[in-house]
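The values are calculated or read from the model by the stated rules, or taken from the named source; none is laboratory data. This one's a predicted model, so the numbers in the text were calculated from it and none came from an experiment. With ideal geometry, Cβ positions are generated from the backbone for all residues, glycine too; neighbour counts draw on all protein chains shown.
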Amino acid sequence: MFAEIFSFFYQFADVFAFLILSAAGLAIVFGMMGVINMAHGEFIMCGAYVTVGLVHAGFPLPLAQLCGTLAAGLIGVAVEWSLVRKLYKRPLDSLLATWGLSLIVTQGMLLVFGSTLTGVGTPEGSFVVGDYTFSVYRMVLFAAAVAVLGGIYFIFMRTRFGVHARATMQNASIAQATGVRVGRVYALSFGIGAALAGLCGALYAPTMTLIPTMGAAFLVEAFVTVVVGGANVLLGTAPAGILLAVIRTGLNGWGGQIVGQIGMLLAVIVVIRILPEGVSGWLARKTR
Amino acid sequence: MFQLINGPQTLGATRVFWLPFIAVLAAVLLYPAFADGYDVGNMAYLLTWVFMAMGLCLVWGYGGMLSFGQTFFFGIAGYGYGVAAVNFGGDAGTTFLALAIALCLAAAAAAVLGYFMIWGRVGGVFFGIVTLSATLVLAFFLGQTAGPEWHIGSARLNGFNGMKDMAPLNIPWFGDDPLVFDGIALYYLVVGLILAVYLGLRMMLNSRFGNVIVAVREDPQRAELLGYDVRKYQLATFVIGSTLAGLSGVLYTSWGQFITPASVGLPAAAMPIVWVAFSGRGDITATLVGSFLVLWAFQTITVYSQQAALLLMGAMLLCTVMVAPQGFVIGVVQAVRRLFGRRRPSKEQAAPTASTVQEEARA
């Protein structure tokens, strides 16, 4: 009995980690900054490729993952500086521009690196509960997802930068008038978002096939989670992740992966119909 | 009826526009007489996509709803046509029944999806995200229908390999053989449909309905306060635009007698957006001309490399947004107008709408 319950929790944790890690970066870039970043999946791909490339070059996996995260973050800052900066007042154009960027990167990678990159294999290690065997790495991913949520909370609620960032997102001109370096805050926030995307790719790199279009697999999950979460990242993303993971785990158990995937996206359409402001909007109203 | 064609919501209301229009139309109609059959078939293939672009222009440019879901309806209608045509057999007449069924399926899908989004007040960006996820769900679902258990009647869906061998559109004709729409016949069918849809859309856009949807795009709240049920207008726009994408799907399936999930997925979904954004979403004529030019250029490039074509597509989108946010065709039109505008100021008073409206649509 305990084993069954743990098995359900394990599957839930797996889906939850995937949703949260995909969405965390986007929650900052899209949820907070309001930039619709269609190239989010490409930052994820970047993290994964750098990680795998460095592992092939002889780096230990955790160090390679760290480098993958940083690389995505740095590219994020560069993208913000060169493109996104000009589009803050034009959200739909930011969508088009980043989508153009995404096409360029995906096809460019396809031309340069070919269709697949040799993977590195999931770190070994498993544990047994009752009759079932579970992979340790999946639990690491779950822990990472929780840590990322904690990290976002810490950065944006407990540091000076976080205060500046939230002030800037609320009203950039007033923040600037009070001495906040708005441009730098935007660049850093975007960089953090991109780095979190890179982290997602780095963490999932050992578990999946690396192809240039892999970002698309994450993109929809990420947007769906953020959309269901609503505008407030700190209040919305985690509950949205839990809600969607429960729906998906239940449907996976009932009808398999495909039903889970499709059912979750249909559920999202229904959730948006009922809660147009997302979970965070609903929570904010409840707790007011 | 004809004054509607020259209304304030569409560019090109003067003789300066209609004379070249007739010249282009004549050239288009005479084209098969001068080109060889293969090129004509190829041109028909290019033109099948134009409906999707015009539908997106209506939904996005005029209705203010950025839909990523054009390929969703394209896929539903394309597969719908395939399934129906296989089940009915290829006999004369039944293929047009299949076409009607496919368009109804696309319209019904648009009505359901549109209801959830528009009544849920899913606006702006979220509209795009929900339609995109619908598209990806469909592509994902179709991709895994490889097994023999996935069939509708006698039509197998075949997963990634897609459906094949459905009958092309045909009608009973003099003599014993039906008139099959491929090659030159398909070309004339598509050209006729484009003309009908284009002129029909112009009339619709300049009618009361068109003015209301533009009003809704500009300021939904104000339109609502003026007594319009905004949601109904938006839903109608969305359904019409999506059905046009469906028409593209049917013609595409009929043209090649195949359709695969690849025409629904993410790279395919990007295409209509690129065409329309590049051309200028604010005007139906700009979309028609621009989409054709882009399609034609990319057809040429794709012969050399599919990947490079997509790369260029991305670059083009990025370039459009950064350099000419309202689209290159509209930009050119305005430049031309500025050159000649001083001579006929009185007749041009209707003209600025499309451009000023553009500025605000972006906000």
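Side notes on the structure shown:
- Residue among B:G153, B:G162 that alone is more than 14 Å from chain A (Cβ to nearest Cβ), out of contact with any strand residue (DSSP E or B) (no Cβ under 6 Å at 6 or more places or on another chain) and at positive phi: B:G153
Every residue, every condition in (1) at pLDDT 90 or above; (2) aliphatic (A, V, I, L, M); (3) closer than 15 Å to A:G215 by Cβ, yes or no:
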| residue | (1), (2), (3) |
| --- | --- |
| A:A23 | yes, yes, yes |
| A:V35 | no, yes, no |
| A:F43 | yes, no, yes |
| A:L70 | yes, yes, no |
| A:S82 | yes, no, no |
| A:Y88 | no, no, no |
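- Top-ranked residue in the stretch B:76-98 [being in contact with a helix residue (DSSP H, G or I) (Cβ under 6 Å, 6 or more places away or on another chain) and surrounded by fewer than 21 Cβ atoms within 10 Å (Cβ to Cβ); ranked as nearest to the other protein chains (Cβ to nearest Cβ)]: B:F88
- Look at the stretch A:132-152: where a residue is touching a residue at least 60 places away in the same chain (Cβ under 8 Å) and a partner is β-branched (V, I, T), sitting 6+ places away or on another chain with Cβ atoms under 6 Å, you get A:Y137/A:T122; A:A145/A:I20.
- A:L83, sole failed condition from (1) in contact with a Leu (Cβ under 6 Å, 6 or more places away or on another chain); (2) surrounded by fewer than 23 Cβ atoms within 10 Å (Cβ to Cβ): (1)
- The lone exception for A:A205 - which of (1) within 14 Å of another protein chain (Cβ to nearest Cβ); (2) at pLDDT 85 or above it fails: (1)
- The residue that is modelled with the lowest pLDDT, among those in the stretch B:145-166 that are among the polar types (S, T, N, Q) and surrounded by fewer than 17 Cβ atoms within 10 Å (Cβ to Cβ), is B:S154.
- Of all residues in the stretch A:230-239, those that are at pLDDT 85 or above and within 22 Å of A:A39 (Cβ to Cβ) total 1.
- Conditions (1) in a helix (DSSP H, G or I); (2) modelled with pLDDT under 85; (3) not polar (S, T, N, Q): number failed by B:G7: (1)
- Residue check for A:R273: at pLDDT 80 or above and among the basic types (K, R): no
So that you can scan it fast, the table gives a plain yes or no per residue for (1) within 14 Å of another protein chain (Cβ to nearest Cβ); (2) of a type in the set (A, V, I, L, M, F, W, C); (3) crowded, with 21+ Cβ neighbours inside 10 Å:
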site: A:G53; (1), (2), (3): no, no, no
site: A:G73; (1), (2), (3): no, no, yes
site: A:L111; (1), (2), (3): yes, yes, no
site: A:G119; (1), (2), (3): no, no, no
site: A:F127; (1), (2), (3): no, yes, no
site: A:D131; (1), (2), (3): no, no, no
site: A:Y137; (1), (2), (3): no, no, no
site: A:V140; (1), (2), (3): no, yes, no
site: A:A145; (1), (2), (3): no, yes, yes
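- A:V270 within 14 Å of chain B (Cβ to nearest Cβ) and in contact (Cβ under 8 Å) with a residue 40 or more places away in the chain: no
- Residue satisfying all of: in the stretch B:99-116; without any contact (Cβ under 8 Å) to a residue 40 or more places away in the chain and either within 30 Å of A:V35 (Cβ to Cβ) or more than 14 Å from chain A (Cβ to nearest Cβ) (or both); surrounded by the most Cβ atoms within 10 Å (Cβ to Cβ) among these: B:I101
- Unique residue being assigned to a loop (DSSP other than H, G, I, E, B) and of a type in the set (A, V, I, L, M, F, W, C) when the list is B:V130, B:V122, B:V112: B:V122
- Enumeration of residues in the stretch B:315-333 that are at the interface with chain A (Cβ under 7 Å from one of its Cβ atoms) and either buried (at least 17 other Cβ atoms within 10 Å of the Cβ) or touching a residue at least 12 places away in the same chain (Cβ under 8 Å) (or both): B:L317, B:L318, B:V321, B:P325
- Within the stretch A:215-244, the residues that satisfy the criterion of being surrounded by fewer than 24 Cβ atoms within 10 Å (Cβ to Cβ), away from chain B (no Cβ under 14 Å) and of a type outside the set (V, I, T) are A:N232, A:L234, A:L235, A:P239, A:L243.
- Yes/no for A:G260 being within 14 Å of chain B (Cβ to nearest Cβ), over 17 Å from the mean Cα position of the chain (by Cα) and at positive phi: no
- Those residues of the stretch B:278-293 which are assigned to a helix (DSSP H, G or I) and either in contact with a strand residue (DSSP E or B) (Cβ under 8 Å, 6 or more places away or on another chain) or crowded, with 24+ Cβ neighbours inside 10 Å (or both), in sequence order: B:F278, B:S279, B:I284, B:A286, B:T287, B:G290, B:S291
- Picking from residues in the stretch A:86-100 that are at the interface with chain B (Cβ under 7 Å from one of its Cβ atoms) and small (G, A, S), the one that is surrounded by the most Cβ atoms within 10 Å (Cβ to Cβ) is A:A97.
- Which listed residue is under 12 Å from the mean Cα position of the chain (by Cα) and either within 14 Å of another protein chain (Cβ to nearest Cβ) or within 30 Å of B:V180 (Cβ to Cβ) (or both), from B:L244, B:L312: B:L244
- Which listed residue is within 14 Å of another protein chain (Cβ to nearest Cβ), over 20 Å from A:V182 (Cβ atoms), buried (at least 24 other Cβ atoms within 10 Å of the Cβ) and within 19 Å of the chain's Cα centre (by Cα), from A:G47, A:G68, A:G41: A:G41
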